Amino acid sequence: MIFTYERDLISDAFHRKNIALRVQRDPRTNLSKNLLLGCPFHHVRFGIIKNGSIDFDAGYTSRFGALTPTDLVMLYCYLYLPRHHAELQSTFDRCSTWIDDVSIPGLVTWLVDLGCGPGTAGLAFADHCRGAPFHYFGFDRSSAMRSTAQSLLNEARLSGLIDRESKFSIASEMFNPATIHDLFPIPVNIIFVASYLFASKSLDIVSLAKTLNAVILRDRVKAAVFLYVNSTTKFANRSYERFVRELGPIRRLGVKEQQIQYRRYAGRIAGKAQFVNDCMILKELSP
Ligand SMILES: C[S@@+](CC[C@H](N)C(=O)[O-])C[C@H]1O[C@@H](n2cnc3c(N)ncnc32)[C@H](O)[C@@H]1O
């Protein structure tokens, strides 16, 4: 069965204004010649952005011209943000009962976005929550991604897509066990998200599992759930089952392949996406 994900109109206008039009109105773009920031569409997708696996901070130079780290991030957003946004919405829906189970009324919910890119999971969670406040921690190794995440989330808050009380923190490293103590000064629920992170060759899954286990041991973390989203390729998912074993015995929904429809680029063209997702309860509320 194919589910159709329509971002609501405000959110769609947000994507158009902050990403699609910025790329389409750039003087180097020529849509009739299929050039994005001066580069042929196919080359952007398969030779430059490579499904988001590149080092965005390195920039890119070719016979088509030079692309700055910010250009690369904008091209990533143009190609992948609406798709990942819709896949995450579909994942939040699939896992909504478990998300509700860890969302204790009166406690602050933190969305912790691992390999956050441009803040994709934060924007999708804002759609899922429909204005309810949440706080956001994003981690990414790329400084160009971090600054785009910060500005898109700020803009989403200004345009009323994200509640005014929501706080954002964006950092370069996954939790450092030495600083975990300072991270949550009050009791919290955590929704961890790893969307298209596990294809990364630089990801150390053993240390990620250790870090998550250390975080959930903290008294102030009352409940936690982990959401996984990825492409369907064997390569992208190669280390996921090992990561699950490293976490130890865990209740999980199980990896499932999903198919959705969404609006891409400037919101006009319908695209189909296939992807996998999973959900694990890392810490349950004590009765
Ligand atoms: C394909 S993008 C996914 C971004 C976002 N989660 C989404 O779904 O749109 C992968 C992101 O993970 C970041 N990344 C890759 N390896 C990482 C690592 N070891 N530590 C932190 N960030 C990493 C990259 O810089 C990139 O922004």
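The values are calculated or read from the model by the stated rules, or taken from the named source; none is laboratory data. No experiment lies behind these values; they were computed from the predicted model shown. Note that we place each Cβ from the backbone using ideal geometry, even for glycine, and neighbour counts take in every protein chain shown. SASA here: full protein model, heavy atoms, side chains in, ligands and nucleic acids out. Shrake-Rupley method; radii C 1.70, N 1.55, O 1.52, S 1.80 Å.
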The range 46-74: number of residues that are within 16 Å of the chain's Cα centre (by Cα) and open to solvent by less than 20 Å² (accessible area, probe 1.4 Å): 3
Residue under evaluation VAL102, criteria (1) assigned by TED's automatic domain parsing to the domain that holds ARG16; (2) over 25 Å from ARG146 (Cβ atoms); (3) touching a residue at least 60 places away in the same chain (Cβ under 8 Å), criterion not met: (1)
Condition met for GLU241 (part of a strand (DSSP E or B), open to solvent by 70 Å² or more (accessible area, probe 1.4 Å) and without any contact (Cβ under 8 Å) to a residue 40 or more places away in the chain): no
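From ILE205, ILE250, which residue is touching a residue at least 24 places away in the same chain (Cβ under 8 Å) and either surrounded by 17 or more Cβ atoms within 10 Å (Cβ to Cβ) or touching a Phe, Trp or Tyr at 6+ places or on another chain (Cβ under 8 Å) (or both)? Explain how you work it out, then say what you get.
Details: ILE250 fails: either surrounded by 17 or more Cβ atoms within 10 Å (Cβ to Cβ) or touching a Phe, Trp or Tyr at 6+ places or on another chain (Cβ under 8 Å) (or both).
One residue alone meets the criteria, ILE205.
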From the options GLY131, GLY117, residue that is on the phi > 0 side of the Ramachandran plot, in a loop (DSSP other than H, G, I, E, B) and within 16 Å of the ligand (Cβ to nearest atom): GLY117
Identity of the residue in the range 45-66, closer than 23 Å to ASN230 by Cβ, in a helix (DSSP H, G or I) and hydrophobic (A, V, I, L, M, F, W, C), that ends up modelled with the lowest pLDDT: PHE46
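If you check SER90 against the conditions, is it out of contact with any helix residue (DSSP H, G or I) (no Cβ under 7 Å at 6 or more places or on another chain), small (Gly, Ala, Ser), within 9 Å of the ligand (Cβ to nearest atom) and under 19 Å from LEU197 (Cα atoms)?
Details: out of contact with any helix residue (DSSP H, G or I) (no Cβ under 7 Å at 6 or more places or on another chain): yes; small (Gly, Ala, Ser): yes; within 9 Å of the ligand (Cβ to nearest atom): no; under 19 Å from LEU197 (Cα atoms): yes.
Considered against the rule, which asks whether it is out of contact with any helix residue (DSSP H, G or I) (no Cβ under 7 Å at 6 or more places or on another chain), small (Gly, Ala, Ser), within 9 Å of the ligand (Cβ to nearest atom) and under 19 Å from LEU197 (Cα atoms), SER90 comes out as no.
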Which numbered condition THR233 fails, given (1) at pLDDT 95 or above; (2) within 13 Å of the ligand (Cβ to nearest atom); (3) surrounded by 14 or more Cβ atoms within 10 Å (Cβ to Cβ): (3)
